1. Against the condition over 16 Å from Phe358 (Cα atoms) and among the basic types (Lys, Arg), how does Lys318 come out, does it pass?
2. Quick one: in segment 391-420, which of the residues that are small (Gly, Ala, Ser) and farther than 20 Å from Arg160 by Cβ is modelled with the lowest pLDDT?
3. Restricting the search to segment 512-553, which residues are closer than 23 Å to Leu83 by Cα and small (Gly, Ala, Ser)?
4. Those residues that are under 17 Å from Ser342 (Cα atoms) and among the hydrophobic types (A, V, I, L, M, F, W, C), I need them from segment 432-449; list them, please.
5. Among strands (runs of 3 or more DSSP E) lying entirely in segment 342-431, which contain 2 or more residues that are under 26 Å from Thr587 (Cα atoms) and of a type outside the set (Val, Ile, Thr)?
6. Would you pick out the residues in segment 103-114 that are open to solvent by 20 Å² or more (accessible area, probe 1.4 Å) and within 24 Å of His374 (Cβ to Cβ)?
7. If you check Asp347 against the conditions, is it on the phi > 0 side of the Ramachandran plot and open to solvent by 10 Å² or more (accessible area, probe 1.4 Å)?
8. Within the set of pairs 6 or more residues apart or between chains, which connect a residue that is more than 13 Å from Met452 (Cα to Cα) inside segment 630-651 to a residue that is surrounded by fewer than 17 Cβ atoms within 10 Å (Cβ to Cβ) with Cβ atoms less than 6 Å apart?
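The values are calculated or read from the model by the stated rules, or taken from the named source; none is laboratory data. Just so you know, these numbers come straight off a predicted model, no measurement behind them. Cβ coordinates were reconstructed from backbone atoms using ideal geometry, including for glycine residues, and neighbour counts include every protein chain displayed. Note: areas computed on protein heavy atoms with side chains; ligands, DNA, RNA excluded. Shrake-Rupley method; radii C 1.70, N 1.55, O 1.52, S 1.80 Å.
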Amino acid sequence: SMHRSRRAVLSIRRRLGEQGRGKHNLTGDDYQFIHKSSIPSYHFQKSLRRLPIPKLTDTCTRYLASAKAVLSPTHYAQTEKLLRDFEKTDGPGLQAELLAYDRAHKDSSYVSEPWFDMYLRARVPIAVNYNPFMMYAPDPDPKFMDQLTRATNLVISYARFKRALDTNVLGPEVFHLNPAKSDNKTFRTVCRNLPESLSWFGAVAFKAFPLDMSQYKSLFNGSRIPKKGKDVLYNDASQKHFVAMRKGRFYAVRLFDDKGAVLPAEEVQASLAWVLKQGDLPGGASEAVGSLTSMERDEWASAREQLESEGNGMSLKKIDGALFTLCLDDLATEDHKRLVQSLLIGDDAGNRWFDKCFQLIVDGNGQATLNFEHSWGDGVAVLRLMEESFKDSNKNHFVSSDDKIEDMKGGSVEEIQFKLSDSLKQTIQGAQKKHIAANSDLDFATMQYTGMTRDSIKKFKMSPDSLMQLALQMSFHSLYKEFVPTYESCSTAAFLKGRTECMRSATSATRAATEAIAKGAKGADTKALISACSAVHSNLVKEASMGQGFDRHLLGLRITAERAGRAPHDFYASEAHTRMGHFTLSTSTLSTETLVFGGFGPVVPDGFGVGYNVIGSMLGAVITSNKSHRDARQFGDALHKSLDELKSILEKKD
């Protein structure tokens with residue numbers, strides 16, 4: 001009889017949609033909120049420090065140190081003469097004006113407005129040129145990796161995250177120098193009890209640095225709207241649905257009820273199950289409106305005006321204000337190259353909406369990836385969303401692949417339809433042809449190296465990031481026998497409305513080490529050269545993250561001149577400065593176990609885009625380039641070889 005009653009309980013549970021191993025049984029607030037932090041989300045925001053403006057002399061000195069590593073002696077002499085002149089003539093006046101401008105805008109940072117402006121004025125397509133992608137690691141339990149289950153579980157996590165953020169109970173973003181000492185109850189009690197105007201000082205006393213959270217407000221419900229000359233960012237926080245895209249068709253799927261509560265996971269699962277059953281666009285690819293988001297921005301602005309004038313205004317609004325876009329792809333491949341093409345280019349872009357705050361792309365294998373629009377933020381908020389949702393959806397499986405799904409199209413999902421004239425269909429086909437052609441030269445490679453890991457590198461008393469950057473310098477030099485300006489993105493989120501600073505990782509130290517290793521040097525001296533790279537690199541990272549780089553400052557000074565209607569100093573127009581701004585190597589790292597890999601396009605035609613990850617199990621990279629200029633596979637192989645060379649030097653017993 002025991003068995004019988006257990007069976008009865010199971011069948012009741014099954015009817016309630018709670019069967020399956022590892023299924024969540026969260027109710028009430030435990031289901032509604034991803035967590036409830038004892039410190040309010042924005043508690044530190046008011047007391048954050050403001051992004052400092054470096055001293056003019058520091059900026060000039062730092063610039064020249066960097067220039068020496070990558071410029072020819074002739075170019076270096078030219079830029080040194082011009083920069084020293086700028087430092088004496090125009091510089092001091094512009095510096096004073098920039099400081100005054102900064103004092104007049106205390107609610108921001110001197111780089112914030114110019115940065116939005118630069119992104120929103122760019123007229124090139126945002127796909128590939130600006131939007132990066134970051135791919136989640138798989139769910140450790142393959143049972144939850146089918147497309148419907150993975151998509152539903154992540155979407156429910158996003159809803160729980162957003163609920164916590166909206167009610168100010170999502171834990172604030174804090175960088176703990178030593179988490180073991182500060183990420184604890186004492187820290188939270190002390191900080192919570194301090195008024196907002198002093199809270200930052202309390203955190204810093206624990207060697208914990210609160211980070212700017214101004215970008216979080218744009219994480220959901222946002223879209224970049226194309227306008228002639230300069231796009232605008234749109235946000236409609238009142239919307240309760242996300243948009244699911246499938247075979248180029250759009251569906252509005254409810255995620256919150258009218259009171260703002262997260263809908264039951266089973267309901268969202270049923271909506272998506274219904275979406276997955278729908279067929280192709282009746283008129284084929286020429287009706288895939290998403291492809292228009294791959295266009296050059298002014299062209300897309302015209303096409304969008306035409307869409308609106310032909311009666312599609314409401315449909316566009318439903319996409320613009322939606323929480324985010326979920327792209328359900330048919331593609332099921334293990335081939336890395338094919339994957340990167342789908343995640344970065346999106347094939348003909350028919351199942352993408354590149355303007356959206358972020359797109360969650362879930363493919364036929366249940367692999368999940370975020371592709372996000374870059375003007376509103378720098379990946380700080382996106383990465384936090386990924387880390388929280390990865391932990392949450394792996395721990396609380398809200399739905400499972402053995403659920404019995406009510407086969408019904410409830411009121412929670414409806415198709416968003418478009419009325420398309422022949423001329424619009426031609427525009428769509430033209431956009432697809434152009435997008436495919438524009439990116440046909442793009443080349444991808446992935447590199448995975450298991451000979452060293454984050455922890456094994458640390459045992460050599462080296463910064464893992466600096467070792468990867470040195471390997472990149474060695475690889476480029478081994479193939480092309482030169483040193484080039486190299487960009488490593490560094491967040492300045494430790495300051496109010498900080499964005500990023502450029503960390504130039506090609507240094508005199510990496511140059512010296514690369515040249516010595518290329519000549520076959522192996523001994524203790526070489527080890528010392530590698531150590532020097534690490535020390536210089538770590539110091540540059542520290543300076544950049546504390547607002548003491550030079551790129552944003554020089555940009556700020558140039559914009560100050562333009563604001564006043566004056567022509568920027570000749571230094572800015574010099575050949576040498578142009579070369580310094582030509583980032584043949586553009587790199588970015590996200591070292592987290594949540595991601596398998598991330599990538600972005602090269603920023604110059606003859607460049608490489610390198611997204612890399614240094615984690616517990618390996619060093620990985622996604623490399624992009626234009627085939628007609630550079631070979632991504634060849635660079636990936638060279639990178640593998642460089643890491644091997646470094647490993648053998650570091651492991652050599654003196």
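1. No: the conditions fail for Lys318.
2. Gly410
3. Passing the criteria: Ala544, Gly547, Gly549.
4. Ile436, Ala437, Ala438, Leu442, Phe444, Ala445
5. Here the list reads 358-362, 368-372.
6. His105, Asp107, Glu113
7. yes
8. Ala638/Leu479
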